[in-house]
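K.L.:
One structure coming up, written as structure tokens, with questions to follow.
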Amino acid sequence: MDWYGKLIDYFPQKEMKSKEHFELLFSEKRGTYKKEEGTDYVLIYLEKTEFIFIDYILVSGSSRGKGTGSKLLDRMKRKRKAIILEVDPITEADPDSSKRVAFYNKNGLHKVDSITYERIHAITKELIRMDIFCWSPSPKSDFWVFERMKTAYKEAHSYKAAEIYNTSIQAADEVLTFNGRKLSKAE
């Protein structure tokens with residue numbers, strides 16, 4: 001199975017980009033939007049000067065629990081940049097959600113409680129709520145993470161999405177809130 005097949009086999013449709021969107025990002029954001037894959041994993045991330053936004057990290061079912069995910073995160077940590085990613089909130093409906101949060105906590109990422117992420121998926125029109133997690137080699141404020149998450153949203157999620165999906169796309173300031181408030185760059 002190819003990398004996209006692995007992703008759509010695991011992630012819910014409401015969290016996925018189309019293959020066309022991925023290919024556009026890989027092409028037009030070459031050097032910053034990257035894909036790594038092995039026989040047992042897929043890692044897709046946006047790498048900026050100050051941070052890495054992990055868009056998708058997937059370790060195949062048979063390889064989970066064998067350290068592959070931790071090795072991938074360790075390799076990203078060696079770049080000495082903050083790592084930011086979105087994680088499904090823990091719910092009873094998804095028993096794996098608590099395992100994912102435990103995995104990220106074990107690897108030194110912490111939930112940034114002051115950031116709320118809620119958006120409507122461009123294709124399914126479903127509401128997506130995600131928690132934001134971060135690891136950094138040096139202390140970063142929650143607001144710093146918030147501003148970088150807005151950049152990640154613009155460059156990974158909404159980049160040319162309106163034309164690809166032929167629909168309006170929410171702005172970062174509509175999707176992300178800080179301490180319950182929608183903030184624009186001016187604030």
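The values are calculated or read from the model by the stated rules, or taken from the named source; none is laboratory data. Fair warning: this is a prediction, and the values are worked out from it, not measured in the lab. Cβ coordinates were reconstructed from backbone atoms using ideal geometry, including for glycine residues, and neighbour counts include every protein chain displayed.
K.L.:
Pull up the stretch 99-157, narrow it to residues that are of a type in the set (Lys, Arg) and part of a loop (DSSP other than H, G, I, E, B), then point me to the one that is surrounded by the most Cβ atoms within 10 Å (Cβ to Cβ).
P.N.:
Start the filter on the stretch 99-157 by keeping residues that are of a type in the set (Lys, Arg), which leaves 99-100, 106, 111, 119, 125, 129, 140, 148, 150, 154.
So of that shortlist, the ones also part of a loop (DSSP other than H, G, I, E, B) come out as 125, 140.
Values: Lys125: 9, Lys140: 17.
Here the residue is Lys140.
K.L.:
Specify the residue that is surrounded by the most Cβ atoms within 10 Å (Cβ to Cβ); the eligible residues are those in the stretch 1-43 that are farther than 17 Å from Thr124 by Cβ and of a type in the set (Lys, Arg).
P.N.:
Lys6
K.L.:
Next question, about the same structure. For Ile90, indicate whether it is farther than 24 Å from Thr39 by Cα, among the hydrophobic types (A, V, I, L, M, F, W, C), out of contact with any strand residue (DSSP E or B) (no Cβ under 6 Å at 6 or more places or on another chain) and surrounded by 13 or more Cβ atoms within 10 Å (Cβ to Cβ).
P.N.:
Yes; evaluated as a whole, the condition is true for this residue.
K.L.:
Moving on to the next point. From the list Lys19, Lys14, Lys77, which one is closer than 23 Å to Glu118 by Cα, among the basic types (Lys, Arg) and either in contact with a Cys (Cβ under 7 Å, 6 or more places away or on another chain) or touching a residue at least 24 places away in the same chain (Cβ under 8 Å) (or both)? Steps first, answer last, please.
P.N.:
Values: Lys19 fails: either in contact with a Cys (Cβ under 7 Å, 6 or more places away or on another chain) or touching a residue at least 24 places away in the same chain (Cβ under 8 Å) (or both); Lys77 fails: closer than 23 Å to Glu118 by Cα.
None of the others qualify; the one that does is Lys14.
K.L.:
Given the options Ser136, Ser141, name the one that is hydroxyl-bearing (Ser, Thr, Tyr), touching a strand residue (DSSP E or B) at 6+ places or on another chain (Cβ under 7 Å) and more than 30 Å from Tyr165 (Cα to Cα).
P.N.:
On the way: Ser141 fails: touching a strand residue (DSSP E or B) at 6+ places or on another chain (Cβ under 7 Å).
On inspection, the qualifying residue turns out to be Ser136.
K.L.:
Moving to a separate point now. Inside the stretch 1-76, counting only strands (runs of 3 or more DSSP E) that do not spill past its ends, which hold 3 or more residues that are among the aliphatic types (A, V, I, L, M)? I'd like the intermediate steps shown before the answer.
P.N.:
Working: elements: 33-38, 41-47, 51-59.
It comes to 41-47, 51-59.
K.L.:
Checking the conditions here, which among Ile83, Ile128, Ile132 is farther than 20 Å from Phe51 by Cβ and hydrophobic (A, V, I, L, M, F, W, C)? Steps first, please.
P.N.:
On the way: Ile83 fails: farther than 20 Å from Phe51 by Cβ; Ile132 fails: farther than 20 Å from Phe51 by Cβ.
Testing whether each residue is farther than 20 Å from Phe51 by Cβ and hydrophobic (A, V, I, L, M, F, W, C) leaves just Ile128.
K.L.:
Sort through Arg100, Arg78, Arg181 and tell me the only one that's touching an Asp or Glu at 6+ places or on another chain (Cβ under 9 Å), basic (Lys, Arg) and more than 23 Å from Phe11 (Cβ to Cβ).
P.N.:
Arg181
K.L.:
Which members of the stretch 61-85 meet the condition of being surrounded by 17 or more Cβ atoms within 10 Å (Cβ to Cβ), modelled with pLDDT of 95 or more and not basic (Lys, Arg)?
P.N.:
Leu72, Leu73, Met76, Ala82, Ile83, Ile84, Leu85
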